[in-house]
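Quick notes on the structure that follows.
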Amino acid sequence: YAQAAWAHCARYAGTMLRMSPQEFEHIVADELDALPEEMVAGLSNIAFVIEDRPENGEDLLGLYEGYALTDRSDYGFGEMPDRIVLYRENLLDYCDTRERLTAEIHITLVHEIAHYYGIDDARLAELGWA
């Protein structure tokens, strides 16, 4: 399983928003449900995962791990799912209100799904999603 990884990074606000892991998961689920059908209809063999923080301690809000659709010429049956990871503690630390957290989860999901479709950070910045 080769890995191509792109991350949505941010500077921290400095005050961690408090929220249970279950409440955070509900917000993520709601934001996934709110994404446009044309964005999620093409998703295949991908897992959405919530982790506390990246193992390397970086200030990532999200990460795409896997093969972008544009790089899947040798992608075949039996491949492990690609992953989109949201980093709960980093997102909570970055946001100072529930409204901002909800918006940032939405932005992070769109950003990482765009990487699944082969859109790089430069193009995302042009589109206002970086």
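The values are calculated or read from the model by the stated rules, or taken from the named source; none is laboratory data. These numbers were taken from a predicted model, which means no experiment stands behind them. Note that we place each Cβ from the backbone using ideal geometry, even for glycine, and neighbour counts take in every protein chain shown. When the accessible area is computed, the model is the full protein with side chains, heavy atoms only, and any ligands, DNA or RNA have been set aside. Shrake-Rupley method; radii C 1.70, N 1.55, O 1.52, S 1.80 Å.
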Selected residue (criterion: modelled with the highest pLDDT) from residues of segment 33-70 that are more than 17 Å from Leu109 (Cα to Cα) and out of contact with any Gly (no Cβ under 7 Å at 6 or more places or on another chain): Glu55
Strands (runs of 3 or more DSSP E) completely within segment 32-92 that count 1 or more residues being of a type in the set (Lys, Arg) and either open to solvent by 40 Å² or more (accessible area, probe 1.4 Å) or touching an Asp or Glu at 6+ places or on another chain (Cβ under 7 Å) (or both): 82-87
Segment 93-119, residues that are surrounded by fewer than 14 Cβ atoms within 10 Å (Cβ to Cβ) and not in a helix (DSSP H, G or I): Thr97, Tyr117
Residue match in segment 4-22 (condition: surrounded by fewer than 17 Cβ atoms within 10 Å (Cβ to Cβ), at pLDDT 95 or above and not in a loop (DSSP other than H, G, I, E, B)): yes
